[in-house]
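Just so it is clear, none of the values below were taken in a lab; they were calculated from the coordinates. In this text the structure is predicted, and so the values were computed from the model without any measurement. Using ideal geometry, Cβ is built from the backbone for each residue, glycine included, and neighbour counts are taken over all protein chains shown.
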Amino acid sequence: MEDGIRGGVAVVTGAARGIGAAVAGALASAGAAVAAIDLDADGLAKTVAGADGRVLPFTADVADSAAIAEVVGQVERELGPITIGVPVAGILRPGSVTDTSDEDWAATFAVNTTGVFTVLREVSRRMVPRRRGVLVTVGSNAAGVPRTGMAAYAASKAAATMLTRCLGLELAGSGIRCNIVSPGSTDTEMQRLLWTDENGAARVIAGDPAQFRAGIPLGRIADPADIADAVVFLASDRARHITMQNPYVDGGATLRA
């Protein structure tokens, strides 16, 4: 799976923790030089530690388009032409539609949708003249299945998913592939914030009929590495004929609805 990755330069947002940190580490292990981008400088330091110098930290807010344009340019100046882009950064502010504030809605879309748009735009602008590159957006299975109390999150992820697929159609003629990886419940800080006690994981696996939510047929919560492995595959030459696709990495939780 290192073919197409080794020797390249990858940009990963949301890299201070969770899935983003796992993706950054996995791409580095596959031989890429990785620019890890996040607002959390302390978290980035943890991601960088033990990466043998293959992961470098860049502090920036994906909701700030000017900052992302600057950091993408900085990455190319310092590390070389970007060959892989993986927007992972996301936030979750749970709440029913009727209880969601304007601020929560705007903040969710600023990171989960506009942030993805900005990263994809800035990176693809540089890839197109070189006619080489791979973009993998980390979405969510919530983008395809209604969730109670998660409308803003689900809608923002659905928008990012379709954005990536449309971009894939636009860039196919330039030989650039664009895919999505959609995780289900994954053992991250974001997931644990939804748990009210030590039985949170068990309840997610079992499902909740009162919330119209199926359980996880494989009987386990995903590890961030499970998501990272899917991203690495799609970024590699083994996936060279795959574009505009959206595999769900959720243990069967959505029954691929």
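Taking the range 78-87 as the range and being surrounded by fewer than 18 Cβ atoms within 10 Å (Cβ to Cβ) and under 18 Å from I5 (Cβ atoms) as the test, the residues that pass are G80, P81.
In the range 1-13, the residues that are under 7 Å from S236 (Cβ atoms) form no Cβ pair under 8 Å with any partner that is of a type in the set (V, I, T) and loosely packed, with under 15 Cβ neighbours inside 10 Å, whether six or more places apart or across chains. For the structure I just gave you, tell me whether A107 is assigned to a helix (DSSP H, G or I) and out of contact with any Gly (no Cβ under 8 Å at 6 or more places or on another chain). Yes. Per the listing V62, V75, the residue uniquely β-branched (V, I, T), crowded, with 17+ Cβ neighbours inside 10 Å, in contact with a strand residue (DSSP E or B) (Cβ under 9 Å, 6 or more places away or on another chain) and part of a helix (DSSP H, G or I) is V75.
State whether one or more residues within the range 203-213 are in a helix (DSSP H, G or I) and more than 30 Å from S96 (Cβ to Cβ). The answer is no, given that none of the residues of the range 203-213 is in a helix (DSSP H, G or I) and more than 30 Å from S96 (Cβ to Cβ).
The set of residues in the range 169-185 that are crowded, with 20+ Cβ neighbours inside 10 Å and in a helix (DSSP H, G or I) contains only L171. The set of residues in the range 87-120 that are small (G, A, S) and either touching a helix residue (DSSP H, G or I) at 6+ places or on another chain (Cβ under 6 Å) or under 26 Å from A69 (Cα atoms) (or both) comprises A89, G90, A106, A107, A110, G115. Taking the criterion of being touching a helix residue (DSSP H, G or I) at 6+ places or on another chain (Cβ under 8 Å), surrounded by fewer than 24 Cβ atoms within 10 Å (Cβ to Cβ) and in a helix (DSSP H, G or I), the residues of the range 19-52 that qualify are G25, G43, K46.
In this structure, does M127 turn out to be closer than 18 Å to L27 by Cβ, over 17 Å from the mean Cα position of the chain (by Cα) and buried (at least 18 other Cβ atoms within 10 Å of the Cβ)? In short, yes.
Can you tell me which residues in the range 82-104 are under 21 Å from T148 (Cβ atoms), part of a loop (DSSP other than H, G, I, E, B) and among the hydrophobic types (A, V, I, L, M, F, W, C)? Within the range 82-104, I91, L92 meet the criteria. Restricting the first member to the range 82-95 and to residues that are under 13 Å from A110 (Cβ atoms), and the second to residues that are of a type outside the set (A, V, I, L, M) and part of a loop (DSSP other than H, G, I, E, B), the beta-carbon pairs closer than 6 Å and six or more apart or on different chains are A89/G14.
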